[in-house]
């Protein structure tokens, strides 16, 4: 995430605060819409759930089945949650929810702020696994975080709807069975990927690469600049390019196409020159997937197939 992204994130918090004030003060428009949505959810007997990003929304849907109504705030890959500027309508959706699911770790602070000001039971995915602000926030790529978040969501459902406690427990078991299949797939793929040195234009998929046993070989200067949310120096970029063109110390490049720019163009070009496979992915779940585990499974295949 760049310095500009950091500024946009701060602006998003300001916008969220203003939207919260607007919703609370005017009591019209989006507030009326939220009241209507809440009434519909109550009438249907379903728990109203709001998720900041679609990957966690898909998990919330799988764990609630027909007993929940899930609304995702972010559903597209053309903007990342760091930069998202919520509308008053977005904030109002949190106000009518019984359960709110956010990513946490300062990835979607606008959503955390909106949810914390409501009566909704808040599930913070990063927090369920002890991941905090300053740590890598792309936690949906982590098997451990997916597991802990699923259990936290189930507990929230059982609290909100105790009459269906057993149904939520069964849905949780079904989801864990599918996650277990994914983790078996990761273990199988790791026979090829274990200890494989890779580099990344941004540390988006670090948790998945770690689950696959891969070793982060991103040149130190570039990696530190990325971690500090600053622009890499010309020397950092050249060192990255040289390592890729050499083709010996880096065996795969992970490229977040959602954050493509002139710098990443230089880096991916160097990878192609050095015959280093490029694993392209996005930060948000692509529209061709509506299930987090299906998306993760496809990415595991991409990582495994990139290994020579």
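FYI, it's all coordinate maths here, none of it is from the lab. What you see is a predicted model; the values in this text were computed from it and never measured. Cβ coordinates were reconstructed from backbone atoms using ideal geometry, including for glycine residues, and neighbour counts include every protein chain displayed.
The convex hull around the C-alpha trace of the range 175-223, projected and averaged over every direction, spans 3.6 square nanometres.
Which order do the peptides 62-71, 299-308 take when ranked by the mean count of other beta-carbon atoms within 10 Å per residue, highest first? Don't jump to the answer; show the numbers that get you there.
Values: 62-71: 20.0, 299-308: 17.1.
Final packing ranking: 62-71, 299-308.
The angle between the Cα long axis of helix 3-26 and the longest principal axis of the Cα atoms of the chain comes to about 0 degrees, rounded to the nearest 10. Expressed as a fraction of 2.2 N^0.38 Å, the value expected for a compact globular protein of N residues, the C-alpha radius of gyration of the range 158-308 is 1.24. Top mean-square fluctuation among 137, 162, 109, Gaussian network model of the chain, C-alpha springs under 10 Å? Top of the fluctuation ranking is 162. Shape class of the chain from the Cα gyration tensor (axes a ≥ b ≥ c, square roots of the eigenvalues): oblate, since a/c reaches 1.5 or more and a/b does not exceed b/c.
Please work out the Cα convex hull volume for the range 173-259 and give it in Å³ per residue.
Values: hull volume 9.2 nm³, N = 87.
That works out to 105 Å³ per residue.
Rounded to the nearest 10 degrees, the angle from helix 143-160 to the longest Cα principal axis of the chain is 0 degrees.
Angle of helix 165-193 to the longest C-alpha principal axis of the chain, folded into 0 to 90 degrees and rounded to 10: 0°.
What FRET efficiency would be calculated for the residue pair residue 78, residue 163, taking the C-beta separation as r and a Förster radius of 51 Å, to the nearest 0.05?
Values: r = 41 Å, r/R0 = 0.80.
After rounding, the FRET efficiency stands at 0.80.
Sorted on the mean count of surrounding Cβ atoms within 10 Å across their residues, most packed first, peptides 201-213, 180-192, 245-257, 46-58 read 46-58, 201-213, 245-257, 180-192. Considering helices alone, the calculated mean residue ellipticity of the chain at 222 nm is -17500 deg cm²/dmol, with DSSP H runs of length four and up weighted by -39500 (n - 2.57) and normalised per residue.
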